[in-house]
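Q: Can you read through this structure? Questions will come right after.
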Amino acid sequence: DVIWPGESRIFILADREQLNGIFSNILKNSIQAIPPDRKGIVKVTTEVIRNKVVISISDNGTGIPEDLKKKMFTPNFTTKSSGTGLGLSIVKRYVEGAGGKVWFESGTGVGTVFHVEFPLKYTVERPGDPHIE
């Protein structure tokens, strides 16, 4: 499910490959957090707030236990049996390199929401764009 604001195009100053890395990492983690016996829901919302854009990715997965929350952006930390544990530390580095910030909210057994905020370059509204709700 993707929810887009009234603006049809949002422009930020960031590296395209790094943006792909940011969102593919967060989306992959969201999908992997959903237990096999649960119908997964991953929701992406985009909101323009003054001179910033916030992209939020929520899931209905297992959530992040309280004792692990402070370690989530630490290099080489992982809760998985495979992987390097670099995913979220790279996400943080890329987001901050583009002048943004990343944070999350999580409830054990309920799911997690990752928020990625970037400085807004500008928006372009195109009346009649089919993506505008």
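The values are calculated or read from the model by the stated rules, or taken from the named source; none is laboratory data. Bear in mind the structure is a predicted one, so any value in this text is a computation, not a measurement. Cβ atoms come from the backbone with ideal geometry, glycine included; neighbour counts cover every protein chain shown. The accessibility values were calculated without ligands, DNA or RNA, using every heavy atom of the protein model including side chains. Shrake-Rupley method; radii C 1.70, N 1.55, O 1.52, S 1.80 Å.
Q: Could you please find all residues in the range 24-64 being open to solvent by 70 Å² or more (accessible area, probe 1.4 Å), of a type outside the set (K, R) and assigned to a strand (DSSP E or B)?
A: E47 - this is the single residue of the range 24-64 that is open to solvent by 70 Å² or more (accessible area, probe 1.4 Å), of a type outside the set (K, R) and assigned to a strand (DSSP E or B).
Q: Scan the range 26-64 residue by residue and report those that are small (G, A, S) and either touching a Gly at 6+ places or on another chain (Cβ under 8 Å) or modelled with pLDDT under 90 (or both).
A: Of everything in the range 26-64, those that are small (G, A, S) and either touching a Gly at 6+ places or on another chain (Cβ under 8 Å) or modelled with pLDDT under 90 (or both) turn out to be S30, A33, G40, S58, G61, G63.
Q: Go through the range 87-103 and give me each residue that's open to solvent by 40 Å² or more (accessible area, probe 1.4 Å) and either of a type outside the set (D, E, K, R) or in contact (Cβ under 8 Å) with a residue 24 or more places away in the chain (or both).
A: I90, Y94, G97, G99, W103 - these are the residues of the range 87-103 that are open to solvent by 40 Å² or more (accessible area, probe 1.4 Å) and either of a type outside the set (D, E, K, R) or in contact (Cβ under 8 Å) with a residue 24 or more places away in the chain (or both).
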